[in-house]
Amino acid sequence: MMESNDITAMIVPGVLWTLIVFSIATWAILLIKGLQFARNRVENKRFQKAFWEAKSMEEGESISEKRPGTMASIARAGFDVITGRDISPRNQDLAQKINRSDRLERTLRQQIQRERRSLEGGLAILASIGSTSPFIGLFGTVWGIMEALITIGETGEAGLDTVAGPIGHALIATGVGIAAAVPAVLVYNYFTRRLKLNVSLMDDFAHDFYSLAQQHAFQSHTSRPVAPEIPSPSPAMG
């Protein structure tokens, strides 16, 4: 019985401290992601204003090189394709095999996915905390009540003063588990909505950027010249 009480003395406090750590992690992620999304919103707003006021593709490229933010990164990836920087000089034959418009579309989509992964960092932790905290708290409660019932069975004392303390202490674990889970779920849902909104805005910008590049024939004055493909001679007509 002494060994069982020692285990209980470790498990229930251990559960409580685990849930407290989960709660601290939730509020830390809320602060970090909140600052990240807020900063990204301001950066994108400033970049778009400057970019769409540019008088040429070259000026837009210069602006994208100097500005931070997800949309500036998308623009930089797009300009790498337009200028031919996405393919090394020794592999220029690839530029003739892959249409530049197709390369641009694929590159923009890939960059959007990279930016999305950056923005959704930490959300999996919130989802895990929100889904597991109630069960961790319930485990501590069940363990504490089980030990209290075992004590009653061995001592034969079932008075309120005997069971109220251990059972009440065990029930705290359930309350703390719920208290840790609810903010995690709310924060996760909030940032998931913000993430979807940001991805939608990035998709819109990428579409507009593609249309702008299409108007300029997917080229700029800084484009790396590509040797034209020499057509093979056609067979002589008999």
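The values are calculated or read from the model by the stated rules, or taken from the named source; none is laboratory data. As the structure is a prediction and not an experimental result, all values here were calculated from the model. All Cβ positions, glycine included, derive from the backbone under ideal geometry; neighbour counts span all protein chains shown. Ligands, DNA and RNA are excluded from the accessible area calculation, which covers all protein heavy atoms including side chains. Shrake-Rupley method; radii C 1.70, N 1.55, O 1.52, S 1.80 Å.
Okay, residues lined up against (1) open to solvent by 60 Å² or more (accessible area, probe 1.4 Å); (2) at pLDDT 90 or above:
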{"position": "R39", "(1), (2)": "yes, yes"}
{"position": "S56", "(1), (2)": "no, no"}
{"position": "G60", "(1), (2)": "no, no"}
{"position": "M71", "(1), (2)": "no, yes"}
{"position": "R85", "(1), (2)": "yes, no"}
{"position": "R114", "(1), (2)": "yes, yes"}
{"position": "R117", "(1), (2)": "yes, yes"}
{"position": "F139", "(1), (2)": "yes, no"}
Which numbered condition trips up T222, out of (1) β-branched (V, I, T); (2) in contact with a helix residue (DSSP H, G or I) (Cβ under 7 Å, 6 or more places away or on another chain); (3) open to solvent by 50 Å² or more (accessible area, probe 1.4 Å); (4) at pLDDT 85 or above? (4)
